[in-house]
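A short reminder: the numbers here are calculations on the coordinates, not readings from a lab. The shown structure was predicted, so the numbers you read here are calculated from the model rather than taken from an experiment. Counting neighbours? That spans all protein chains shown, and the Cβs are built from the backbone with ideal geometry, glycine included.
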Amino acid sequence: MSDRLYPNRPIIAASIAVFRDGKVLLAARKETALNPVYSLPGGLVEIGETLQEAALRELQEEVAVEARITGFIDHVEFIERDHDEKVKRHFVVNAFVGEWIAGEAMTGPEAPHVMWADPQALGGIATTKGLSVILDKAVALRRR
């Protein structure tokens with residue numbers, strides 16, 4: 001059984017909304033390879049790592065992009081319960097906003113689909129729950 005299933009405590013993660021030329025970088029996870037569901041690049045925080053370090057490391061590992069963090073957007077909680085109402089998954093994702101520095105977004109084992117998208121016109125793109133709210137906050141932060 002995965003250590004991410006039925007955890008003893010919430011699992012801390014970090015993600016980043018990276019902007020380049022007005023577009024935001026989105027990635028789809030390996031679990032959704034056949035029917036991509038896009039979200040921000042990110043992943044679990046490792047012991048001894050800050051939230052910002054985790055967001056930047058995951059960005060590099062997942063999609064080979066480097067960015068500069070410019071602000072904190074918000075945290076997103078994902079709690080999934082099984083049919084017995086036991087907590088099956090519980091993630092707290094800390095979302096940052098940043099500007100692209102280098103690298104061309106590449107697919108890989110963790111992100112079989114990547115795309116640069118207009119953050120306020122996602123159209124028919126399937127996304128994780130709450131992504132549009134996070135992107136609206138990211139856009140507002142960038143305008144400050």
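Can you pull out the GluC sites (Glu not before Pro) in region 22-101 whose DSSP state is coil and whose Cβ has at most 16 other Cβ atoms within 10 Å?
Those satisfying the criteria are Glu46, Glu49, Glu85.
Taking Leu59, Leu26, Leu122 as the candidate residues, the one with maximal mean-square fluctuation in a Gaussian network model of the chain, Cα springs under 10 Å, is Leu122. The alpha carbon centroids of region 78-96 and region 12-77 are separated by 18 Å.
Relative contact order, whole percent, for the chain stands at 32, derived from Cα pairs under 8 Å and 6 or more residues apart. Answer rounded, prolate or oblate for region 6-51, using the Cα gyration tensor with square roots of eigenvalues a ≥ b ≥ c: rounded when a/c is under 1.5, else prolate when a/b is larger than b/c, else oblate. Oblate is the answer for region 6-51, as a/c is 1.5 or above yet b/c matches or exceeds a/b. Angle of helix 131-143 to the longest C-alpha principal axis of the chain, folded into 0 to 90 degrees and rounded to 10: 40°. Hydrodynamic analysis of region 11-143 uses the Kirkwood radius over alpha carbon pairs. Inserted into Stokes-Einstein at 20 °C and 1.002 mPa s, it gives a translational diffusion coefficient of 144 µm²/s. By the beta-carbon count within 10 Å of each Cβ, the least crowded to most crowded order of His113, His83, fewest first, is His83, His113.
Residues Ile125, Ile79, arranged from fewest to most other Cβ atoms within 10 angstrom of their Cβ, appear as Ile79, Ile125. The lysine pair count for region 13-144, using Cα distances under 20 Å and pairs eight or more places apart or on different chains, is 6. Computed from Cα positions, the angle between helix 51-63 and the longest principal axis of the chain comes to roughly 80 degrees.
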